[in-house]
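Just so you know, all these numbers are worked out from the coordinates, no wet-lab data involved. These numbers were taken from a predicted model, which means no experiment stands behind them. Every residue, glycine as well, gets a Cβ built from its backbone with ideal geometry; the counts of neighbours run over all protein chains shown.
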Amino acid sequence: MNYVLRKLGFYAVALWAAVTLNFLIPRLLPGNPVDILLAKLQQRGGTVTPETREAYSALLGGDTTDSLLAQYGTYLANLLRGDLGVSVTYFPTPVNEVIGTSMPWTVVLVGIATVLAATIGVLLGAFVGWRPGTWLDSAVPLTTLLAAVPYFWLALVLVYLLSRVLGWFPSQGGYDVVLDPGWSPEFIASAVEYGFVPALTIVIASIGGWLLGMRNMMVSTLSEDYVLTARAKGLPQGQILRSYAARNAVLPSVAGFAISLGFVVSGSVVTEQVFSYPGIGSRLLAAVTNNDYALMQGVFLFITLAVLGANLVVDLLYGLIDPRTRAKA
Amino acid sequence: MTNTGPDVRVAVDGPGGPIEAPAPGPAAAADLPARPGGTGTRPRAAWRLLLPSMTPWLAAGLVLVAGVVLLGVVGPWVVGDPDAISDTGLAGPSGEHWLGTTQTGQDVLAQLAHATRGSLQIGLLVGVLATVLSAFFGIYGAYLGGVADEAFSLLSNVFLVIPGLPLVIVISGFVPRESRGLWTIAVVLALTSWAASARVLRAQTLSVRNRDYVAASRLSGEKPWRVIAVEILPNLLPVLASQFVYAVIAAILGEAGLSFLGLGASNASTLGTMLFYAQNGFALPLGAWWWFVPPGLVIALFGMGLSLINFSIDEIINPRLKNARTARRRARAAQRAAGRTEVAR
């Protein structure tokens, strides 16, 4: 169980680093975020009491006389109590609530799209790598085009083709606004319809990396002795492909999940802007354009939390499927 | 963002070289006369081994990259003023305006050339900065070993799992617009993108530093910087080159995303800013595909060209990949030759 402990320790350190970055960024950069924030708050009709000012100072730094360390303590304490401040953009909703309503949209969209892209990409990569040197294999470098396409641009092109020219899918939003959000079948159907193009964007843009990684590992694995042995034993080709080659070749793809997920999340944050999708990316951008620093920090913290959580789960799974990681620990 | 990064590199660690199932000896021998020059070719000069051998994909990559660089470097001199306004707004591609015009009648091709220059600039800048950072943390840490290595490697792993672009967005959001210059954006992008290559460089350095000649050089009392620069670095050059190429792609993509959101450098015009104006000028609802398709296409083709070049660099890093390719070619030629002899019989 040493492996599990080490992984937990690492993600604890990563989480601490993210929280500390969040604390340091507004304090180290030029400008006085608290003043801008309070000015915005007054514009929106909020009353600025000394307590509000103090609360925002604890979050963002500024005109306090406390030492940096004392500020850090207050910041962490507020964080532990789940107090992320009040959003200015969606005044007077607390940041927690804004994130709570938008997070599921992004998690479901990115989650489904990533699982689809990984599954399809790995399967295709396994088949392409199984027979190196065929015309299909020679076409593999073409996938680099997909990997180099900016997510949001692909989204623009897909919206243009599928929504504007063909008119198959709606181009904006996350659901039909006449429906009430809930678990009704109509609402879910509408969410699926609106989410199709965003999901397609993420799948197309991220599938190339999975395919290429799997294909390369497949080619390497095929030259291993145990594959030769399996062939010499006269095992059926399908069994060699599934149980000997692909099973071992997929490991680095699983281990590389962390890096891929970071890219996908980064890409989808920008993509949400194209679709005006009601997810966390749109909230982050709304926060940035409105100088809503409290919301900005909260969103970044939650995105990081989600990415770290997903990575932890995959890392723990990796420990299960690859016994070597446990033996080494 | 992109997946071009570490996924692609997976093959470097493992032994390449697929098994060509039907590769019987006689067939391979039958191939020999077919090769021009046969075994009598002169051995290649040592420095030539550092250059990738020409393949169709490498040629395609070079052509793509050269085309985009030409557009960015020479283009701005040839095309007109990108900001000149005319009364032919939102006109499709025509003889006068090859790529049509924007909402305010600006020539899209002229804008594209200038924007490409801006994107290349920032890509190059961030590429250099990120490579220097990753070289420092990756190579120096691995050379020192011990606690320093552990600390550097933990740092790069942490930076690897923290999602890059949201962090960049938050940082850019806190920097006031006036002070958000080209260099600020470049430094922020470099700070958030060095981690993956630092890990690759660390792995390579760890294998190089244990070789005998490095130990000999250390024992003879060479200074650390000299051991790194003279004994270790030359072995890492191909890896550094390929990491640099990936850093350039990632930087151009990252900057495009940032500018598309209106968070880019306030004094630069890049392909991302062009897409930002296209999106805010309602290019999409108005159906002006000539406005928003070219900038993204330039990014994608440039990135593809660089990736293709990187495949060839990978073959220098891992000669097994190259052997695999030549083996495949020979096996194919042998099969063809075998087929011919059978027909002749």
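Based on the convex hull around the alpha carbon atoms, the stretch B:109-345 presents an average projected area of 20.1 nm². Structural descriptor for the stretch B:109-345: relative contact order 27 percent, calculated from alpha carbon pairs under 8 angstrom and at least 6 residues apart. Legend: ranking of residues A:M103, B:M304, A:M296 from fewest to most surrounding C-beta atoms inside 10 Å; resulting order A:M103, B:M304, A:M296. Shielding of peptide A:265-272 by partners, expressed as the average count of other chain Cβ atoms within 10 Å per residue Cβ, is 6. What do you get for Rg/Rh over the protein assembly as shown if you use C-alpha atoms and the Kirkwood form of Rh? Over the Cα atoms of the protein assembly as shown, Rg/Rh equals 0.99. Shown here for the stretch A:232-272: trypsin sites (Lys or Arg not before Pro) in loop regions (DSSP other than H, G, I, E, B) with at most 14 other Cβ atoms within 10 Å, namely A:K233. Sparsely packed loop sites in the stretch B:175-253 (the trypsin sites (Lys or Arg not before Pro) outside DSSP H, G, I, E and B with at most 16 other Cβ atoms within 10 Å) comprise B:R211.
Across peptide B:182-189, how many C-beta atoms of other chains are within 10 Å of each residue C-beta, on average?
Numbers: counts 0, 0, 1, 0, 0, 0, 0, 0.
The shielding value for this peptide is 0.
As a test of understanding, state the convex hull volume per residue of chain A from its alpha carbons, in Å³. Don't jump to the answer; show the numbers that get you there.
Working: hull volume 60.4 nm³, N = 329.
With only Cα atoms used, chain A gives 184 Å³ per residue.
Of the GluC sites (Glu not before Pro) found in the stretch B:203-303, those that fall in a DSSP loop while having at most 16 other beta-carbon atoms within 10 Å are B:E222. Highest GNM mean-square fluctuation among A:V86, A:V313, A:V265, for chain A modelled with Cα contacts below 10 Å: A:V313. Counting Cβ atoms of other protein chains within 10 Å of each Cβ in A:205-215 and taking the mean gives 4.
Span-like helix check, chain A: qualifying full DSSP H segments, with Cα axial length of 24 Å or more and mean Kyte-Doolittle of -1.0 or more, are A:2-28, A:95-130, A:185-222, A:257-275, A:293-321. Considering all C-alpha pairs of the stretch B:180-305, those separated by over 20 Å amount to 59%. Each Lys and Arg adds +1 at its Cβ and each Asp and Glu adds -1 at its Cβ; summed about the Cα centre, chain A shows a dipole of about 1240 debye. Counted residue by residue at 0.36 nm each, then reduced by the alpha carbon distance between them, the extension gain from A:V254 to A:D225 reaches 8.2 nm. Most fluctuating residue of A:L29, A:L116, A:L60 in a GNM of chain A with Cα springs under 10 Å: which is it? Among A:L29, A:L116, A:L60, the largest mean-square fluctuation in the Gaussian network model of chain A belongs to A:L29.
Put a plus charge on the Cβ of each Lys and Arg, a minus charge on the Cβ of each Asp and Glu, and nothing anywhere else: the dipole of the protein assembly as shown about its Cα centre is then about 3080 debye. For the stretch B:107-204, the alpha-carbon radius of gyration amounts to 1.29 times the rule-of-thumb value 2.2 N^0.38 Å expected for a compact globular protein. The residue among B:Q243, B:G221, A:S223 whose Cα reaches farthest toward the positive pole of the charge dipole of the protein assembly as shown, with charges on the beta-carbon of Lys, Arg, Asp and Glu, is A:S223. The sum of -39500 (n - 2.57) across all DSSP H runs of n ≥ 4, divided by the residue count of chain A, sets its helix-only mean residue ellipticity at 222 nm to -23000 deg cm²/dmol.
Ratio of the stretch A:51-208's C-alpha Rg to 2.2 N^0.38 Å, to two decimals? Present the calculation step by step, with values, prior to reporting the outcome.
Working: Rg = 22.7 Å, N = 158, 2.2 N^0.38 = 15.1 Å.
For the stretch A:51-208, the normalised Cα radius of gyration comes out at 1.51.
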